[in-house]
1. Go through (1) at negative phi; (2) assigned to a loop (DSSP other than H, G, I, E, B); (3) surrounded by 20 or more Cβ atoms within 10 Å (Cβ to Cβ) for residue 85 and report which single condition fails.
2. Here are 138, 120: which of them is assigned to a strand (DSSP E or B) and of a type outside the set (Gly, Ala, Ser)?
3. Here's a check for you: in the range 64-78, which residue that is in a loop (DSSP other than H, G, I, E, B) and crowded, with 16+ Cβ neighbours inside 10 Å is modelled with the lowest pLDDT?
4. Considering the range 70-111 alone, what residues qualify as being in contact with a Cys (Cβ under 9 Å, 6 or more places away or on another chain) and over 20 Å from residue 38 (Cβ atoms)?
5. Among the listed residues 114, 58, which satisfies the condition of being on the phi > 0 side of the Ramachandran plot, surrounded by 14 or more Cβ atoms within 10 Å (Cβ to Cβ) and either out of contact with any Cys (no Cβ under 7 Å at 6 or more places or on another chain) or at pLDDT 90 or above (or both)?
6. Mind listing just one residue for me: the one in the range 132-168 that is surrounded by 15 or more Cβ atoms within 10 Å (Cβ to Cβ) and among the small types (Gly, Ala, Ser) and, of those, nearest to residue 42 (Cα to Cα)?
7. For residue 10, work out the one condition from (1) surrounded by fewer than 16 Cβ atoms within 10 Å (Cβ to Cβ); (2) at pLDDT 55 or above it doesn't fulfil.
8. May I ask you to verify whether residue 156 is without any contact (Cβ under 8 Å) to a residue 12 or more places away in the chain and part of a loop (DSSP other than H, G, I, E, B)?
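The values are calculated or read from the model by the stated rules, or taken from the named source; none is laboratory data. For clarity, every value in this text was computed on a predicted model and none was experimentally measured. FYI the Cβ positions are ideal-geometry reconstructions off the backbone, even for glycines, and counts take in every protein chain you see.
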Amino acid sequence: MNVTAKKLSGCSILTVALLLGLGTSANAGSNILSGNVCQTFYPPETSDGQGVYHSGSGVQNISSDGGVRLVMCPIFRDNTGNTNGMSNLTVRTTVPSGFSASTSCIAMSLTRYGSIKVGIWKTSASTGSSGMAWGNTINKSDNGSGAYDIQCNVGYGAILNSIEYSEP
């Protein structure tokens, strides 16, 4: 084999290793979603005109009746072979001055059929900025399927700003 062929073979092996992610962890970093990915699921839009406002800051409860709004936030699962759930999960919220309202969320790992494998509630502070941290307590997931989900009761005036999560 000549020198040019050896260089091409080495380049081909390196290219394949990079494409397959050999020697690296493709899921080592955190994923961050804006709170504006969350959609209201109660009350139905037809009954109260939704009552949530989506912006660059996230999703805010601006309901005309001053009541709690329930939102559902999708979590993209990018390591379907993982059965250890999430290695980190934090939901950040803000309550602007003039309001006093907490946000309560349940973070869940679901089976491929929608049954809850793990579900844990957390509640934010009722004023200022805060984070609800689950750490690695959502620690089970289906191999090859299943999903993660967050459902939150957003108090009047509160903003769900962001969701940070990672898988092992």
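1. Every listed condition holds for residue 85 apart from (1).
2. Criteria check complete, one pass: 120.
3. 77
4. none
5. Among 114, 58, only 58 is on the phi > 0 side of the Ramachandran plot, surrounded by 14 or more Cβ atoms within 10 Å (Cβ to Cβ) and either out of contact with any Cys (no Cβ under 7 Å at 6 or more places or on another chain) or at pLDDT 90 or above (or both).
6. Selected residue: 155.
7. (2)
8. On the way: without any contact (Cβ under 8 Å) to a residue 12 or more places away in the chain: no; part of a loop (DSSP other than H, G, I, E, B): yes.
So residue 156 fails the test.
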